[in-house]
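The values are calculated or read from the model by the stated rules, or taken from the named source; none is laboratory data. All values derive from a computational prediction rather than experimental measurement. Quick reminder, even Gly has a Cβ in these numbers, built from the backbone with ideal geometry, and neighbours come from all protein chains shown. Areas reflect the complete protein model, heavy atoms only, side chains present, ligands, DNA and RNA absent. Shrake-Rupley method; radii C 1.70, N 1.55, O 1.52, S 1.80 Å.
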Amino acid sequence: MKRREFTRSHREQIVRRATNAAGYVTCEGCGLVLGKKPYEIDHIIPEALRPDEDRKRPLTIADGQLLGKECCHRGAEGKTRQDVKRIAKAKRSAAKHMGFERPKKPMPGRDFPKTEKPKRIAKDALPPLPKTQLYTSRG
Ligand SMILES: [Zn+2]
């Protein structure tokens with residue numbers, strides 16, 4: 001299924017929506033006034049996480065948000081990175097669902113036999129020890 005992209009008209013409408021009364025474009029993630037800073041139109045729900053059924057209908061401006069590139073979109077904790085993590089996780093659980101789960105390693109130590117406590121043997125159950133002869137007669 002193809003990734004849907006916002007049209008030029010969508011982008012213009014989103015930019016207009018994100019423009020404050022003073023005429024400055026603001027980040028729809030954190031509210032930062034961007035001025036001339038770069039911004040991007042983000043898919044609020046990443047296309048990769050959309051079920052096919054959703055992707056059959058066209059995008060609307062409600063599916064997008066204007067994010068400052070530096071503040072919300074591409075930073076260390078930015079939307080893109082979070083999305084990538086979520087997509088990877090979704091792929092893993094889909095694979096699991098399909099039965100392609102990676103075999104789990106057994107817990108370390110599980111394969112060793114349990115050590116048993118040595119049994120105490122009653123003293124009189126043993127044969128008496130042979131008496132050692134320390135001295136031999138030279139007779
Ligand atoms: Zn922001």
Inside the stretch 64-96, the number of residues satisfying the requirement of being over 20 Å from residue 31 (Cβ atoms) and either within 13 Å of the ligand (Cβ to nearest atom) or open to solvent by less than 60 Å² (accessible area, probe 1.4 Å) (or both) is 6
Could you figure out which of (1) open to solvent by less than 60 Å² (accessible area, probe 1.4 Å); (2) within 15 Å of the ligand (Cβ to nearest atom) isn't true of residue 50? (2)
When both residues are 6+ apart or on different chains and their Cβ atoms are under 9 Å apart, which pairs have a first residue that lies in the stretch 1-27 and is acidic (Asp, Glu), and a second that is in a helix (DSSP H, G or I)? 5/47
Number of the exception - residue 56 against (1) within 30 Å of residue 93 (Cβ to Cβ); (2) open to solvent by 50 Å² or more (accessible area, probe 1.4 Å); (3) touching a helix residue (DSSP H, G or I) at 6+ places or on another chain (Cβ under 6 Å): (3)
Candidate set: the stretch 1-47, residues that are open to solvent by less than 50 Å² (accessible area, probe 1.4 Å) and among the hydrophobic types (A, V, I, L, M, F, W, C); chosen: the one nearest to the ligand (Cβ to nearest atom): 27
